[in-house]
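The values are calculated or read from the model by the stated rules, or taken from the named source; none is laboratory data. Given the structure is predicted, the values throughout are model-derived calculations rather than measurements. Glycine also receives a Cβ, built like all others from the backbone with ideal geometry; neighbour counts cover every protein chain displayed. The area values use the complete protein model at the heavy-atom level, side chains included, leaving out ligands, DNA and RNA. Shrake-Rupley method; radii C 1.70, N 1.55, O 1.52, S 1.80 Å.
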Amino acid sequence: MVPVRVREMDEADIEAVSAIRVRGWQAAYAGIVPQSYLDAMTVEEDTDRRRQWFNRPGRESRDLVAVGDRGPVGWVCFGPPRGGIPGAGRVGEVYALYVAPDRIGTGIGRGLLDAAHAAMKGQGVETSALWVLRDNLRARRFYERAGYGADGGTQDDVYDDVTLAELRYRRVL
């Protein structure tokens, strides 16, 4: 494997990040999220949404990419918590973390997560939180190995009329 480096995402990375995200969803959530929802996802649509998000005035989130010899192969987005995540001290949230499916298990995800943690800590954040689908056991194991644990928070997401439970995970930075 060619080594990767983590850097701030720029606008030129948006299409590659959207491809990683869409293919990541289709690989990670097969058998969890309804197939009709996964089949309807397109890189083009995601690119349009991501470009609007990326260029939104006052955006507080940060995006990092892991870049290898073929461009971005992973992406993490993080920032202030969305909604009320209780707890003492300053809390940050990892909104999304995806690695190209053919690069899963190579340490890229852990490198991105470590970089996000370092950036949050540098901003005075003391605790990181994230949401993970209850049935996504692979992701739950990944986050648990990185020091996260379920804190009892739950929420539901609906995909094509199917309700799926998410668990809130957190860890001290």
* What are the residues whose amide H is under 5 Å from the amide H of Gly74, where those residues sit 5 or more places off or on another chain and H is modelled from the backbone? -> Ala66, Ala100
* Could you give the nm distance between label points at Gln52 and Glu11, where each point is 7 Å from its Cα heading toward the beta carbon? -> 1.7
* Calculate the length of the line joining the C-alpha centroid of the stretch 28-65 to that of the stretch 129-171, in whole Å. => 18
* Contour minus Cα-Cα distance for Arg141 and Arg110 (0.36 nm per residue) -> 9.9 nm
* Asked: Averaged per residue, what accessible surface does the chain expose to a 1.4 Å probe, in Å²?
  -> 51
* To do: Pull up all non-local amide H partners of Gly153: gap of 5 or more, or a different chain, and H-to-H distance under 5 Å with H placed in the peptide plane.
  => Arg168
* Protection proxy ranking, peptides 62-74, 140-152, average beta carbon neighbours within 10 Å, highest first -> 62-74, 140-152
* Structure fact -> In nm, the gap between the two label points placed 7 Å beyond Cα toward Cβ at Tyr37 and Ser61 is 1.7
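Multiplying the sequence separation of Gln123 and Ala165 by 0.36 nm and subtracting their Cα-Cα distance, what value in nm do you get?
Fully extending the segment from Gln123 to Ala165 adds 12.1 nm.
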* **Heavy-atom accessible surface of the stretch 78-157: percent carbon and sulfur, 1.4 Å** => 48
* With springs connecting C-alpha atoms under 10 Å apart, model the chain as a Gaussian network and identify which of Thr127, Thr47, Thr163 has the largest mean-square fluctuation. => Thr163
